[in-house]
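Participant: A single structure is presented below for examination.
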Amino acid sequence: MIGDTRHSYAWKQTRLRILERDGYVCQIGWCGGVDLLSLPERERQVDHIVPVAAGGTDDDWNLRVACAKCNTSRQDREFARVSGTNPRWINAA
């Protein structure tokens, strides 16, 4: 279930299972572990710990709940680390 199946029934079931497993709490935690039930649905994300592009899978052990803010920040920081650049939208941390 990789790539183009993100909107399939199977992915929706996986997403719901991970949200429930992690108690709807952001696991990245830069936000302080926000309760995602207090956020709009579009802000409740499931993050690949090892990105699919880097060989990660949709297995439960490689997935975690993340709020949109933490997930986007993580992606920006990972891009900077891999590319060796520091885009202007990333605060030095």
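Participant: Can you confirm whether Trp89 is surrounded by fewer than 13 Cβ atoms within 10 Å (Cβ to Cβ) and at pLDDT 90 or above?
Facilitator: Values: surrounded by fewer than 13 Cβ atoms within 10 Å (Cβ to Cβ): yes; at pLDDT 90 or above: no.
For Trp89, the condition - surrounded by fewer than 13 Cβ atoms within 10 Å (Cβ to Cβ) and at pLDDT 90 or above - is not met.
Yes/no matrix, rows are residues, columns are (1) at pLDDT 85 or above; (2) surrounded by 13 or more Cβ atoms within 10 Å (Cβ to Cβ):
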| site | (1), (2) |
| --- | --- |
| Glu20 | yes, no |
| Gly23 | yes, no |
| Pro40 | no, no |
| Asp58 | yes, yes |
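Participant: Within the set of pairs 6+ apart or on separate chains, which have a first residue in the range 1-15 that is modelled with pLDDT under 60, a second that is not in a helix (DSSP H, G or I), and C-beta atoms under 9 Å apart?
Facilitator: Met1/Ser8; Met1/Thr57; Met1/Asp58; Ile2/Gly56; Ile2/Thr57; Ile2/Asp58; Thr5/Asp58
Participant: Which one is surrounded by the fewest Cβ atoms within 10 Å (Cβ to Cβ), of the residues in the range 25-38 that are outside any loop (DSSP other than H, G, I, E, B) and touching a residue at least 12 places away in the same chain (Cβ under 8 Å)?
Facilitator: In this case the residue turns out to be Leu37.
The values are calculated or read from the model by the stated rules, or taken from the named source; none is laboratory data. Just so you know, these numbers come straight off a predicted model, no measurement behind them. Reconstructed Cβ throughout: ideal geometry from the backbone, glycine too, with neighbour counts over all protein chains shown.
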